[in-house]
Each structure stands twice: as C-alpha cells, then as structure tokens.
1. Ordering His218, His35 by accessible area with a probe of 1.4 Å, largest first, what comes out?
2. Show which lysines lie in cross-link reach of Lys175 when reach means a straight Cα distance below 23 angstrom and same-chain residues fewer than eight apart are skipped.
3. Could you work out how much longer the chain between Asp345 and Val360 gets when fully extended? Use 0.36 nm per residue separation minus the Cα distance between them, nm to one decimal.
4. I'd like the carbon and sulfur percentage of the solvent accessible area for the chain, probe radius 1.4 Å, heavy atoms only, ligands and nucleic acids excluded.
5. Write down the percent of antiparallel bridges among all DSSP beta bridges whose residues are both part of the chain, to the nearest 5.
6. Using the Kirkwood radius over Cα pairs, work out the Stokes-Einstein diffusion coefficient for the stretch 262-386 at 37 °C and 0.692 mPa s, in µm²/s as a whole number.
7. Rounded to the nearest 10 Å², what accessible area does Arg350 have for a 1.4 Å probe in the complete protein model?
8. Once amide H atoms are placed 1.01 Å from N in the peptide plane, what residues at a sequence separation of 5 or more from Lys175, or on another chain, have their amide H within under 5 Å of its amide H?
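The values are calculated or read from the model by the stated rules, or taken from the named source; none is laboratory data. This is a predicted model, so every value here is computed, not measured. For neighbour counting, all protein chains shown are included, and Cβ atoms are generated from backbone atoms with ideal geometry for every residue, glycine included. These accessible areas exclude ligands, DNA and RNA; they are computed on the full protein's heavy atoms, side chains included. Shrake-Rupley method; radii C 1.70, N 1.55, O 1.52, S 1.80 Å.
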Amino acid sequence: MVSRIARIEAIPVISPAGSANDLDGTADTVIVKVHDEDGRVGFGEADAPPSVVKSFIDMPTAHLWSRNAGEILVGEDPVEIAGLWQKLYEGTFWPGRRGLGMHAISAIDIALHDLAGKQLGLPAYKLMGGARRAKLRPYCTIYPGLAQGRSIDDLMGEIFRQFDMALTAGFRAVKMEVLFYDLVTDLELIRRIGEGRKALGDDILLAIDFGYRWHNWHDALFVLERIADHNIFFAEAALQHDDLAGHARLAERSAIRICGAEAAATRFEIREWLTVGKVGVVQPNIGRGGGLTEIRRIADLREIMGAEVVPHGWKTGITSAVGRHFQAACPAAPVFEYVSPHVFDSPLRRELVSPEPAVVDGYMDLPTGPGLGIALNEELVACWRADR
Ligand code: MG
C-alpha cells in the first residue's frame with residue numbers, strides 16, 4: 001500500500017554560536033521535511049542561505065516551468081526518488097536549474113531518501129543500489145578559523161590541538177585548512193605544511209585546503225612542487241573556483257591530485273570540471289549539487305572519466321549522515337569530508353541529530369536504521385528556528 005506525500009516544509013535554523021566573520025558552515029541550516037499520509041517524516045538539509053531556500057520551496061506557482069515544490073510532490077509516491085527529482089528539475093527549470101534552486105532540490109532529495117527508507121525499513125544506501133564497500137573511511141577536517149588578529153603560531157597551535165583530538169576520536173585521515181592568506185608568504189606556507197606532516201607522522205592521510213589562495217596556476221604550482229614529498233593526498237581550492245583553464249594547467253603539471261568544485265551543482269557543471277578543468281577529484285556538496293540522486297550520477301562518471309568524488313560537507317549531522325550513505329553506495333569515493341563534533345566546536349553540529357557513529361582505527365561501520373538512520377532534535381529546532 002503506497003503512502004503518498006502529504007506535504008513539505010522548509011525550516012530555517014540559526015545557531016546562536018554562529019559568527020558572520022568566519023567561514024563556518026555550521027552556523028545555520030535549512031531543514032526540509034517531507035511528510036507522508038501516515039505521519040512519517042523524512043528530512044534533509046541544504047548548504048545554502050536558509051531563508052532563500054525556504055522562499056524557493058514556498059514560492060507560488062507562476063507557470064509550468066516555475067512551480068511550487070509542494071504542488072509537484074503532494075500525492076506522489078516518495079519511493080520514486082529519481083522520477084521526482086526529474087519532476088522537480090523540470091518544474092523549477094525557469095528559476096532553478098543550477099544554484100539556489102538546485103540547492104533546494106538537494107535538500108528535498110535527501111529528505112525523500114530518508115522518508116522512502118523509513119517506509120521500506122531500509123537504510124538510504126540500500127536505495128542507492130546497496131553497499132559497495134565493507135566500511136566507511138571519513139576524513140576529519142581541521143579548521144583553526146580565520147586569523148582574526150591571531151598569529152601564525154597561534155593558528156598552527158590550534159591545528160596541532162585539533163590533530164590530537166581527531167586522532168583521539170579515531171580518525172586516520174585529516175585535511176588541514178591553511179586559510180592563512182596574507183599572514184604567510186608562500187615559502188612560509190611550505191614550511192608550515194611540512195610542520196603539519198611532521199606532527200601527524202607518515203601514516204595519516206593528509207590533504208590540504210588552500211581556500212582559493214592563488215589567482216594564477218604558476219604560484220600554486222611553486223608551492224605544490226615543494227610539498228609533494230610530504231605525501232599530500234589532494235590539494236583543494238588552490239585556484240579560484242571558476243578558473244577551470246587554470247585548474248587544467250595545474251592538474252597537468254602537479255604530482256598532487258588537484259581538486260575543487262565544492263560550489264558546483266549538477267552533473268552538468270561537474271562535467272565542465274572534468275573536461276575543461278581536468279581535475280583528478282571533484283568535491284560536490286550533496287546538499288548543494290543535487291542530493292544523493294545526483295551525486296550518484298556524478299560518481300558514475302568515474303567509470304568513464306577516471307576521476308574520484310570526495311564530497312564537500314561542512315554542515316550539521318544531517319550532512320555527515322548523508323556522506324556516510326553516499327560513501328557506502330559509491331566506490332568512486334576513497335574518503336569523504338567529515339566535520340567531527342569531537343574536534344570542531346559547534347553546537348548545531350553536535351546537537352541537531354543523533355546518534356553519532358564511532359570511528360575506530362580510521363573507519364566507521366555501514367549505517368544501520370531506516371532512511372538516514374538519525375533522529376532530529378526537535379527541541380533544538382523549536383528553539384533555534386528562525387521563522388517564528
Ligand atoms: Mg573546502
């Protein structure tokens with residue numbers, strides 16, 4: 001017996017701990033809930049401005065290419081996720097297609113995976129074709145924050161502190177965010193990355209995020225060549241996001257995997273990163289790029305284009321759970337980004353959902369429980385929702 005979609009809602013949530021002067025994606029979120037006729041609820045989130053995603057989802061229908069999302073979904077069978085993705089894409093094609101509209105569809109798609117899984121009693125990854133690996137391998141992002149008046153020694157001290165917490169929490173793969181900008185010269189940056197590798201030892205996977213440091217590939221290559229023997233897994237956001245020609249030049253010359261595309265949406269934009277940008281790793285965010293339905297299509301490109309897919313994820317525990325189901329189902333992802341509540345101090349990341357799975361010797365078990373396998377802290381949502 002089919003339990004059809006009864007309604008959808010978008011709830012903006014703002015953390016009182018958020019800072020407008022840094023780059024912390026866990027400062028806010030927008031939760032999208034899809035309800036079925038029997039009172040079950042699936043939920044997802046988008047990594048985009050909450051009030052704008054809510055406006056997009058709530059907008060009244062203007063014409064057939066600019067429809068209200070609820071109108072498209074109500075009365076449909078939530079199990080037909082890819083079919084609904086297509087209806088949402090076509091029904092919001094005029095205002096949507098890539099940016100904010102696709103971010104909103106991403107949250108709906110994640111919520112549909114959660115709801116369909118709950119209806120069928122299956123973890124979301126089983127709806128994506130099932131497990132393609134026995135265990136999950138997250139990498140823990142190490143972010144000391146922007147300098148805000150602190151010295152480079154202060155920032156490195158905070159990085160070392162977070163390294164220790166990540167290793168204690170069980171991670172064996174980390175990404176060091178070196179968003180130091182004018183605080184260091186390129187030569188100083190090379191030394192600091194060397195200190196990071198030394199502090200970790202040789203056995204820990206280490207990736208670097210440069211935070212869009214350079215405006216030309218020559219300068220980026222100068223640094224990458226000089227850190228290559230530190231065994232760096234990938235170099236993220238070395239160049240400006242839309243400089244695909246520069247990425248191609250860099251990727252052709254660098255021994256380290258070049259990666260990016262954290263802001264990209266849909267397989268069509270990722271195709272540009274692969275064919276024009278020639279990167280070895282693409283990093284679409286599942287809550288921006290089109291949800292689990294679309295990232296699975298992107299992951300399938302690996303079979304024909306030789307690239308890896310390591311999703312960006314700097315949001316709440318909903319995004320962390322989504323990353324787990326993605327990696328479970330997709331062999332294209334050697335690791336996936338993980339904000340650990342044991343390492344990065346964020347109340348929204350720590351308290352919005354539970355349970356938080358353990359990391360043992362670098363790995364997590366496959367998700368269990370229907371849908372995303374997490375419960376939403378409704379009390380916290382009631383306290384921090386920004387639309388009342
Ligand atoms: Mg990044």
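1. Ranked from most to least accessible, the order is His218, His35.
2. Once the sequence-local lysines are set aside, what remains near Lys175 is Lys135, Lys198, Lys278, Lys315.
3. Using 0.36 nm per residue and subtracting the Cα-Cα distance, I get 3.3 nm.
4. Exposed carbon and sulfur together represent 51 percent of the surface.
5. Around 50 percent of the beta bridges assigned by DSSP in the chain are antiparallel ones.
6. Stokes-Einstein gives a translational diffusion coefficient of 213 µm²/s.
7. Here the residue's solvent-accessible area equals roughly 110 Å².
8. Cys140, Thr141, Ile142, Ala207
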